[in-house]
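The values are calculated or read from the model by the stated rules, or taken from the named source; none is laboratory data. Note that this is a predicted model, so its numbers are computed, not measured. Cβ placement follows ideal geometry from the backbone for every residue including glycine, while neighbour counts extend to all protein chains displayed.
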């Protein structure tokens, strides 16, 4: 289906740089190689390539990873290297009812909304109103806003839901909230906590053990990218060394058990 | 909802060992700590804990990760550390039409089927009939069989579909098939290739560049797990060092361009 | 120079397995491929290869890494991946006077002794007499015993030396000793502390800052080995995920400064 | 011993930035915090700290790692993460005769010279005269020049020495030289080759197997540094992802054996 005004496209240049734009009448996109009028892209197709002053320009369909990296944000986002793994460990699927706290710019919220499907629901808690507004805009662009119930509230007041399937906790100080997280999860419900420091991982594990979580697992993910040169294959010189530690656990129907799942 | 015969449950012991069983009348589960009759689990709930001869036993709801690691398999499976990332990079979503070749034991096929939703479809090519049978059994257990069209065929004959959204290629020698993969993908469609060796990565990159793929990226993922001891936090002594390199690319509507997306 | 009785040799088989033996008259070395009389090796040379019942046998000169991995030990050893880096960060060189506490089986002690040269000296503190005896035997085999002064003592009593150039601290609880380490180091003297857990790293950093150390650095080293197959190059399936965190610092001539070198 | 003109010192500021300077009469060192006259440092001691307009300044003794990172260079240097390990794998020790080709800026040459001691010798081959001059200056500053014999020559002509103990090969295309390396090594002599790409690793392994090397090992080293904050311990955000692959081997007294040491 040929492109039309209102469509999102990713423009990629030969050097690998990418830009996410929405096609607008009378707009143009300025580049170091010259300008591209949006009207020139209309009626082309995703995957098309054209020349612009000696460089190739690719018209690509935006993926969720493009949206995550290109979206407006004011917070640290959850990287795909972590979020893909979290989705599986939280066992997110159609129909799931999931809590996301705090929402931040909405990257993880969007993924959760995508994968709970039309019959699922994401309850998105965020204290800061400006973050909520930003996340709503991002979710709207992805067509997922109707699956998310935003709550502009400090989570120290607890959560409204009951028997949720999974909980994604990404707040500066998660420890005081783990008791309330336990209450709102169903039996065997899954929790993921993002912790930037080892000190916090230690405290979160301890609190989860005391609160009534089992199968506690701690992971960190190192992703390394290679230069795609078939004659000189080698990793890029530098890489992301750390985003966060991921702590997972399963709610058991018993408080203060204090067991170590080892 | 209390457990009943026919339900799948994960039984976990204090030492972290887990077992996936389906509750059957008149069956029992033998452990080093004694036997557990399935009838004793009926009417209990996910998340329940009980004592058995001095150890705790946890009744957990199976997650997709449990199924992947516990399912019957005759092949190397795609690990969650890789498959979660592949799902995002392939931008799998409701309604997508995706090809999975070869299927193997069906771990990735199951994930694709889960996330294309009711309106999506997975076309699953596998040369070996015994693998197809195994994958079908696994998919049936996950309730996802109706989303998958199995094709017991050598893929050197090409693919029946047109304009598929994404392609997951995991066969011993992917190089000769990349031309046919290009044909069957829609413009800007996403491809992921699993390559165990650097030699194969080199050849796959080269072939993808010649065939008409752009935005070629190569990644490898190192996941490290920590002992969840809050007083002595440290990684486990050993870890998985390698499963496979992941090569990604986007179909462009032009063959033999030979561009290097860098 | 041809081999003679009394020489140490490494015997390697085609499958990569290695054995460190000392040539003795009338001895023989039993293998799964048959026996090798030591007398058959005498008058051969390092680097020689011979056939034994269909497999190749290699006669190799033992390296320090062979000795470290093959030596008798009752403790966790410092791995070459860590010890080579420690040598450089401690700036070990001819003439240095270095303290090693605790000695354990003597792997690091041997490396320090090797690289301080004939004019340097290693002061080796170890509480357990059996470890001292073991370390002495290992050092003797390497011809380095005369460079080491062993002290069979609990280090909570402090150290006898003054103005040492470098200090390697590898004991179960290093925190209480850091004050005494500071006293015994010269100005700008280098300290390395091995810490298995993140909790200990945190405590060691804090104590070093309070005590009068600057340029505090924390490192961990992940070494990955590849299968040396030129047609199918790929890492081994599994690797060492963790040995210890390495904490380094430089003594400043001022106590209780509490600065964070960041 | 108090500092005097002619001494090298490392100046470190509170923010961790460091500068290597040689004390000269009438010189001063300009910083963002103001100027430091060299004469103000004379008669102070290594480890001293003083205040300068509200920041602390530390006077540290330069280590070999300081010299390596601060030396003038026109080439990629061998990082301490790699060079410490290479020293152990090459089993460098007093009295060893070692070849270093190519020398580049001399970082590895300096380490080899340091650890072969007064009775050892480094033969340093380098095609480019400007690199030789640079390396000589660096070696002279470290007081190690007399242990090194420089040869300004293309190594395709082969090597003058016989029976060397170890060989460090770090040139753009190592493959054509491996035959000559084999000739110049003693039996069971150790070889280390630095390879930036996987393609080169594959070719080097193959050539080493054909030439008469056994015990071929391939390693890569990932070093990760942590922010030394005891209350918020976590790795730095980014790290070095790749310098080079390290390929090691042992000369066997037999050519064209083609064995794979696996």
Legend entry - Residue within the stretch A:114-122 that is more than 14 Å from every other protein chain (Cβ to nearest Cβ), at pLDDT 95 or above and within 19 Å of residue A:167 (Cβ to Cβ) present: yes
Inset, instruction - Can you give me the number of residues within the stretch B:229-253 that are more than 26 Å from the chain's Cα centre (by Cα), within 28 Å of residue B:203 (Cα to Cα) and surrounded by fewer than 24 Cβ atoms within 10 Å (Cβ to Cβ)? - result: 1
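Being assigned to a strand (DSSP E or B) and buried (at least 24 other Cβ atoms within 10 Å of the Cβ) is the filter here; which residues of the stretch D:156-182 pass it?
Step one: of the stretch D:156-182, the residues assigned to a strand (DSSP E or B) are D:164-169.
Selection gives D:166, D:167, D:168.
Would you mind stating whether residue A:213 is modelled with pLDDT of 95 or more and farther than 28 Å from residue D:237 by Cβ?
Values: modelled with pLDDT of 95 or more: yes; farther than 28 Å from residue D:237 by Cβ: yes.
It is true that residue A:213 is modelled with pLDDT of 95 or more and farther than 28 Å from residue D:237 by Cβ.
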Inset, instruction - Scan the stretch A:68-83 residue by residue and report those that are at pLDDT 95 or above and more than 8 Å from chain B (Cβ to nearest Cβ). - result: A:82
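Among the candidates C:86, C:42, which residue alone is within 13 Å of chain D (Cβ to nearest Cβ) and either over 13 Å from the mean Cα position of the chain (by Cα) or modelled with pLDDT of 95 or more (or both)? Lay out the reasoning, then the answer.
On the way: C:42 fails: within 13 Å of chain D (Cβ to nearest Cβ).
Residue meeting the stated conditions: C:86.
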Inset, instruction - Within the stretch B:7-55, track down each residue that is in contact (Cβ under 8 Å) with a residue 24 or more places away in the chain and more than 28 Å from residue A:218 (Cα to Cα). - result: B:36, B:38, B:41, B:42, B:43, B:44
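Answer yes if at least one residue in the stretch C:54-66 is farther than 22 Å from residue C:134 by Cα and surrounded by fewer than 16 Cβ atoms within 10 Å (Cβ to Cβ), and no otherwise.
Step one: filter the stretch C:54-66 for residues farther than 22 Å from residue C:134 by Cα, giving C:54-61.
Then keep just the ones that are surrounded by fewer than 16 Cβ atoms within 10 Å (Cβ to Cβ); that gives C:54-55.
The answer is yes, given that some residue of the stretch C:54-66 is farther than 22 Å from residue C:134 by Cα and surrounded by fewer than 16 Cβ atoms within 10 Å (Cβ to Cβ).
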Legend entry - Selected residue (criterion: farthest from residue A:221 (Cα to Cα)) from residues of the stretch A:183-207 that are touching a helix residue (DSSP H, G or I) at 6+ places or on another chain (Cβ under 6 Å) and in a helix (DSSP H, G or I): A:207
Inset, instruction - With respect to residue D:4, determine if the residue is out of contact with any strand residue (DSSP E or B) (no Cβ under 8 Å at 6 or more places or on another chain) and modelled with pLDDT of 95 or more. - result: yes
Inset, instruction - Check the stretch C:170-191 and report whether any residue there is out of contact with any strand residue (DSSP E or B) (no Cβ under 6 Å at 6 or more places or on another chain), within 30 Å of residue B:238 (Cα to Cα), facing chain D (nearest Cβ under 9 Å) and without any contact (Cβ under 8 Å) to a residue 24 or more places away in the chain. - result: no
Legend entry - Lone qualifier among D:228, D:235 - being free of Cβ contacts under 8 Å to residues at least 12 places away in the same chain and out of contact with any helix residue (DSSP H, G or I) (no Cβ under 9 Å at 6 or more places or on another chain): D:235
Inset, instruction - Go through the stretch B:52-67 and give me each residue that's under 16 Å from residue B:12 (Cβ atoms) and within 11 Å of another protein chain (Cβ to nearest Cβ). - result: B:55, B:56, B:57, B:58, B:59, B:60, B:61, B:62, B:63, B:65, B:66, B:67
Inset, instruction - Check whether at least one residue in the stretch D:84-95 is over 21 Å from residue C:112 (Cα atoms) and crowded, with 22+ Cβ neighbours inside 10 Å, and report yes or no. - result: no
Inset, instruction - Just need a number here: residues in the stretch C:192-219 that are buried (at least 22 other Cβ atoms within 10 Å of the Cβ) and within 14 Å of chain A (Cβ to nearest Cβ). - result: 8
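Might you let me know whether the stretch B:7-18 holds any residue that is away from chain A (no Cβ under 13 Å) and at pLDDT 95 or above? Show your work before the answer.
Step one: filter the stretch B:7-18 for residues away from chain A (no Cβ under 13 Å), giving none.
No, every residue in the stretch B:7-18 fails to be away from chain A (no Cβ under 13 Å) and at pLDDT 95 or above.
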Legend entry - Subset of the stretch D:186-195 [more than 16 Å from the chain's Cα centre (by Cα) and farther than 21 Å from residue C:1 by Cβ]: none
Inset, instruction - Kindly provide the set of residues from the stretch D:28-39 that are touching a helix residue (DSSP H, G or I) at 6+ places or on another chain (Cβ under 9 Å) and either more than 24 Å from residue D:138 (Cβ to Cβ) or modelled with pLDDT of 95 or more (or both), ordered by number. - result: D:28
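Can you tell which of B:114, B:128, B:147 is in contact (Cβ under 8 Å) with a residue 40 or more places away in the chain and either surrounded by 16 or more Cβ atoms within 10 Å (Cβ to Cβ) or touching a strand residue (DSSP E or B) at 6+ places or on another chain (Cβ under 9 Å) (or both)?
B:114
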Inset, instruction - Give me a count of the residues in the stretch C:221-252 that are part of a strand (DSSP E or B) and either facing chain B (nearest Cβ under 9 Å) or more than 22 Å from residue B:235 (Cβ to Cβ) (or both). - result: 14
Legend entry - Subset tally (residues that are touching a strand residue (DSSP E or B) at 6+ places or on another chain (Cβ under 6 Å) and surrounded by fewer than 20 Cβ atoms within 10 Å (Cβ to Cβ)) for the stretch B:131-144: 0
